[in-house]
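Down below is the structure, laid out as structure tokens.
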Number of protein chains: 2
Amino acid sequence: MARAIAVSASALGVCTPNPPVGAVVLDAAGEVVGIGATEAPGGRHAEVVALDSAGDRARGGTIVVTLEPCDHHGRTGPCTSRIVAAGLARVVYAVSDPNPVASGGAGTLRREGVEVARADDDEVGAARSGPLRAWLHRQDHGRPLVTWKYAASLDGRVAAADGSSKWITGPVSRRHAHARRQEIDALVVGTGTLRADDPALTARTDDGRPAPRQPLRAVMGLSPVPADATVRGTDGRFRHLATRDPAEALGLLGEVSHVLVEGGPRLAGAFLAAGLVDEIDAYLAPLVLGAGRSAVSGAGVDTLAAAHGFRIRGTTVLGDDVHLCLTRPGLTRPATATTPTAPTRGPR
Amino acid sequence: MARAIAVSASALGVCTPNPPVGAVVLDAAGEVVGIGATEAPGGRHAEVVALDSAGDRARGGTIVVTLEPCDHHGRTGPCTSRIVAAGLARVVYAVSDPNPVASGGAGTLRREGVEVARADDDEVGAARSGPLRAWLHRQDHGRPLVTWKYAASLDGRVAAADGSSKWITGPVSRRHAHARRQEIDALVVGTGTLRADDPALTARTDDGRPAPRQPLRAVMGLSPVPADATVRGTDGRFRHLATRDPAEALGLLGEVSHVLVEGGPRLAGAFLAAGLVDEIDAYLAPLVLGAGRSAVSGAGVDTLAAAHGFRIRGTTVLGDDVHLCLTRPGLTRPATATTPTAPTRGPR
């Protein structure tokens, strides 16, 4: 299951609105003979990718999959049929499919004579808090998971008194943040950040080139976005969310699972005040500024008892900086960011 | 040596202006027969405490000590004489005594026929960056080591918009901070904090009672300190440092080794601007406020390139909070705070 979860990360930023699933096929002797992750919409599900690469070696074997195999005819046939046709003896899955249209796979498989087992509780927990968590959040709450990301000095400043902000954090943090951009579906900044920085908002590789997976780039606010703004790009993956209301902005993004709010302070404050920040990625540099723009403003808190409370899920030293992963109480996530892996299409 | 370093922590906050030294005596067979740490001024040095508890069992044995044994007649006789008189065969020490009055112990011991060895480089490093570091800093720089401590929200606020600040961090962090107060010599706040909070500035135990070791309590600034201010206490350990200049304030504290600057924002800014912050203890709560007093103001930084730069030496999760240990580049310290131990006076 750990391997199935790991491979599912390669589907992040690619598979939405489908869930990022990972699957591993073992032959009757327990050898790994196929691995797969969800392809882009219209492409194959993880089970099919893994079974395609396993071929006849799957017969009598086991498939381990992070999500209950689907049981419906969407753009692709049901995975349950493929599992039965492949002659698999056993299915082990972690998370039950919460989608009423696609669920019921476990029951169908059992009726077809396939042994079906749930993973153990730790594995289910790891699958729920891993790459699947944003998609599950959307199923449960009808809106995407929202992660607020910021890079600040120790004293919470995102720019110095003269507005200078490049770079507060070091190259290791920036590389980490660019890897994260490849794992989400859409990235939102406010019009203030647009005016101040004219950011590209693309995910870039270590050598500064565009990464293979790119999120939607969105600017939220009523001010117009200039025709020559860098964020527009040429790939059609730009959206202007002409609203001041965070919930409405999320709606305008369509069927995305994971949204990254990257600033500035007022945008972060608006999402916090609306109760729409589920996770925080804080990159803190070992610097003290003592003046300049703070990471958040207008979060609607006037007294300590009304503070927006989170839980620390992990701390990681990134070069000279420290990265804090937090969630709203009750939500879980891995203590460190998923490391993006090259999409895996079967064993190598 | 690790045990000698650990026991030396019990001398912190007690032994100043003497160094917090730890010593372990092994008999000829290598069994531990005595342990000691520096006593209060006028009391015994660590070597003597350890030798007193070892008695005759020290003969032919080894003493392991964090600092080169002293060779001068101060308020106590030279440790070198006691080591020779005890019949020890071997001395292992970590840090050479930088004090010209007391140094030369290693040479004296060798002339008396005692084998003298330096600890290995890792042990020397651990001793230098451990409990001895503040005393060594004073020897090297002629001024105490200064640690700035603050407790803030994720976005660097030390109070909410209405001034409420109790408690931003949780009970585990507060207990940790009170333990730290027992390891330093003096604690400084500004007159603004005095007016806002009327703090006691005492070190307290888990049940709220005064701890056995108490730092000097100092208020810095030109405003008068009211006669009924809680900080004055009744133990004579209060100082009003009537200056706005951090260097002058440190001078007024006398021969202390380790000073803790606890706020508020302007005092922290003044010490930072003067280049007089050597270490930072940051307690960050998983809260977002978005408004209210920031941890620092007036640090003299107008652009990012002029930021006060530090190095992260360790991160520790304390209950719901995270504690970051930082130093100025070039300085070292343990990644986690020294845990105060009961003063040890020989083996138990």
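The values are calculated or read from the model by the stated rules, or taken from the named source; none is laboratory data. All figures in this text were calculated on a predicted structure; none of them were measured in a lab. Here Cβ is always computed from backbone atoms with ideal geometry, including for glycine, and neighbour counts include all displayed protein chains.
A few points about this structure:
- Test: residue in region A:22-44 that is part of a helix (DSSP H, G or I) and either in contact (Cβ under 8 Å) with a residue 40 or more places away in the chain or farther than 21 Å from A:M1 by Cβ (or both): no
- So B:G233, is it within 30 Å of A:L326 (Cα to Cα) and of a type outside the set (A, V, I, L, M, F, W, C): no
- Breaking point among (1) more than 7 Å from chain B (Cβ to nearest Cβ); (2) closer than 19 Å to A:H258 by Cβ, for A:P329: (2)
- Residue in region B:22-45 that is more than 28 Å from the chain's Cα centre (by Cα) and surrounded by 15 or more Cβ atoms within 10 Å (Cβ to Cβ) present: yes
- Considering region A:98-114, the residues that are free of Cβ contacts under 8 Å to residues at least 40 places away in the same chain and within 19 Å of A:A11 (Cβ to Cβ) include one that is surrounded by the most Cβ atoms within 10 Å (Cβ to Cβ), namely A:G105.
- With respect to the conditions (1) outside any helix (DSSP H, G or I); (2) away from chain B (no Cβ under 14 Å); (3) surrounded by 24 or more Cβ atoms within 10 Å (Cβ to Cβ), A:R143 falls short on a single one, namely (3).
- Filter result for B:E248 (surrounded by fewer than 20 Cβ atoms within 10 Å (Cβ to Cβ) and either modelled with pLDDT under 95 or of a type in the set (G, A, S) (or both)): no
- Annotation: of all residues in region B:231-242 being farther than 18 Å from B:W148 by Cβ and surrounded by 15 or more Cβ atoms within 10 Å (Cβ to Cβ), the one that is farthest from the chain's Cα centre (by Cα) is B:A242.
- Tabulated pairs, region A:295-314, first within 21 Å of A:D245 (Cα to Cα) and within 7 Å of chain B (Cβ to nearest Cβ), second surrounded by fewer than 15 Cβ atoms within 10 Å (Cβ to Cβ) and charged (D, E, K, R), C-beta under 6 angstrom, 6+ apart or interchain: A:D302/B:D162
- Sole residue being in a loop (DSSP other than H, G, I, E, B) and either within 14 Å of chain B (Cβ to nearest Cβ) or closer than 30 Å to B:L324 by Cβ (or both), chosen from A:L187, A:L201, A:L222: A:L201
- Within region B:149-165, the only residue that satisfies the criterion of being at the interface with chain A (Cβ under 9 Å from one of its Cβ atoms), touching a helix residue (DSSP H, G or I) at 6+ places or on another chain (Cβ under 8 Å) and part of a strand (DSSP E or B) is B:Y150.
- Within region B:46-67, being part of a strand (DSSP E or B) and either surrounded by fewer than 19 Cβ atoms within 10 Å (Cβ to Cβ) or in contact with a Lys or Arg (Cβ under 6 Å, 6 or more places away or on another chain) (or both) holds for one residue alone: B:T62.
- Scanning region A:196-208 for residues that are modelled with pLDDT of 90 or more and either crowded, with 18+ Cβ neighbours inside 10 Å or not small (G, A, S) (or both) yields a count of 6.
- Only one entry of B:A134, B:A117 meets the criterion of being more than 14 Å from chain A (Cβ to nearest Cβ) and either part of a loop (DSSP other than H, G, I, E, B) or surrounded by fewer than 17 Cβ atoms within 10 Å (Cβ to Cβ) (or both), and that entry is B:A117.
- Any hit, region A:54-67, residues being touching a residue at least 24 places away in the same chain (Cβ under 8 Å), closer than 26 Å to A:L145 by Cβ and in contact with a Pro (Cβ under 7 Å, 6 or more places away or on another chain): yes
- Qualifying residue in region B:236-250 (condition: under 30 Å from A:P329 (Cβ atoms) and touching a residue at least 40 places away in the same chain (Cβ under 8 Å)): no
- A single entry from B:L276, B:L260, B:L216 fulfils the requirement of being out of contact with any Gly (no Cβ under 6 Å at 6 or more places or on another chain), within 17 Å of B:V189 (Cβ to Cβ) and either within 14 Å of chain A (Cβ to nearest Cβ) or hydroxyl-bearing (S, T, Y) (or both): B:L276.
- A:T193 being of a type in the set (V, I, T) and buried (at least 23 other Cβ atoms within 10 Å of the Cβ): yes
- Test set (1) surrounded by fewer than 19 Cβ atoms within 10 Å (Cβ to Cβ); (2) within 7 Å of chain A (Cβ to nearest Cβ); (3) on the phi < 0 side of the Ramachandran plot - B:D228 fails condition number: (2)
- Considering region B:251-328, the qualifying strands (runs of 3 or more DSSP E), each wholly inside and each with 3 or more residues that are closer than 28 Å to B:G163 by Cβ, run over B:258-263, B:279-285, B:321-327.
- Filter result for the condition that a residue is among the charged types (D, E, K, R) and modelled with pLDDT under 95, over B:D120, B:D140, B:D162: B:D140
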